[in-house]
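Quick notes on the structure that follows.
The values are calculated or read from the model by the stated rules, or taken from the named source; none is laboratory data. It should be emphasised that the depicted structure is a prediction, and the values quoted were computed from it without experimental measurement. We place every Cβ from the backbone using ideal geometry, glycine too, and count neighbours over all the protein chains shown.
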Amino acid sequence: MDIHIRRGLAEAWALAGAHRNMLAVYVAIGVIVPFLLLSSEPIFSLRTMMAILSDPWTYRVGGSITGPLYLLAIVAVIVAGAMQAAWSGLFAEMREGYLSEIMFGMVAGFAYLLANLALAISFGLIAALPLFILGPQAMLGGSDAMMAVLAIYRLAITLVGSWVAARFCLAGAIMGSRGSLEPVSAFAESWRRTRTAQARLFGFYLLYGLPYGIAAGALIVAHGAIILNNAPGSFAETLMSLGWILLFALYFLGQILIPAGFYRTSEPAATASEIFA
């Protein structure tokens with residue numbers, strides 16, 4: 001049992017071709033709906049953020065922070081639910097329909113989200129422990145050598161976090177393929193299945209995130225330039241919103257299809273002819 005990157009990507013591409021209509025529906029649920037919800041909150045507007053950064057003493061956003069946090073939680077559940085529903089549809093021998101998949105996805109997605117949140121908090125606390133021991137004075141008022149050590153430490157933590165994420169990359173696909181609402185065993189299974197391919201997966205996901213980071217940076221620069229030179233609600237700004245939706249849609253599809261393809265390759269004795277017969 002091993003995971004080969006090229007074969008996994010081929011499986012992902014085959015899955016995309018075989019289920020393109022279903023994936024389009026879940027892109028609408030997992031990308032377009034959250035985008036519209038977040039667009040309704042002023043604090044998530046790039047125009048608002050730029051105004052606050054340019055003059056924080058003049059531009060303020062009124063209201064409680066509870067509303068934006070509540071909206072973020074709703075959006076996170078919708079996205080995770082759409083991903084789980086998509087995995088359920090991809091791996092089903094006979095699909096039961098969108099309603100059944102969405103109902104499963106919302107429950108499984110919430111559990112998957114909580115498991116990821118628990119892992120992120122635990123990892124963050126462990127990573128921050130040495131910083132707590134040093135104290136704020138050492139970090140803020142330390143020597144140049146201390147600043148260099150802290151920078152290296154942050155880089156090391158980022159790399160370790162990426163490696164951990166690569167080891168758990170199959171967990172969501174495992175939950176969806178088995179119709180499981182319990183995430184712990186899926187995370188444990190992902191850790192086991194990625195053991196022999198952890199270096200390949202780690203390198204792949206580092207490279208995989210690079211073009212998205214470059215594209216997001218380019219969109220921020222272009223969107224910022226349009227905001228500075230156009231009135232709110234202009235046609236050019238609307239086009240930038242479509243650009244963001246397209247980028248998020250591509251990333252969303254990658255987050256579904258690539259783990260699904262890797263999961264297929266990790267199955268013992270699985271072949272393409274057996275999978276797509």
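I'd like to verify a number: residues in segment 252-270 that are surrounded by fewer than 16 Cβ atoms within 10 Å (Cβ to Cβ) and either of a type outside the set (A, V, I, L, M) or in a helix (DSSP H, G or I) (or both), how many? It would help to see each step written out before you state the result.
Let us first name the residues in segment 252-270 that are surrounded by fewer than 16 Cβ atoms within 10 Å (Cβ to Cβ), namely 254, 267-270.
Keeping just the survivors that are either of a type outside the set (A, V, I, L, M) or in a helix (DSSP H, G or I) (or both) gives 254, 267-268.
Selection size over segment 252-270: 3.
Condition test on Val184, is it part of a helix (DSSP H, G or I) and modelled with pLDDT of 90 or more? Give the derivation first.
Working: part of a helix (DSSP H, G or I): yes; modelled with pLDDT of 90 or more: yes.
Yes.
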Within segment 196-227, which residues are surrounded by fewer than 15 Cβ atoms within 10 Å (Cβ to Cβ), over 21 Å from the mean Cα position of the chain (by Cα) and in contact (Cβ under 8 Å) with a residue 12 or more places away in the chain? Thr196, Ala222
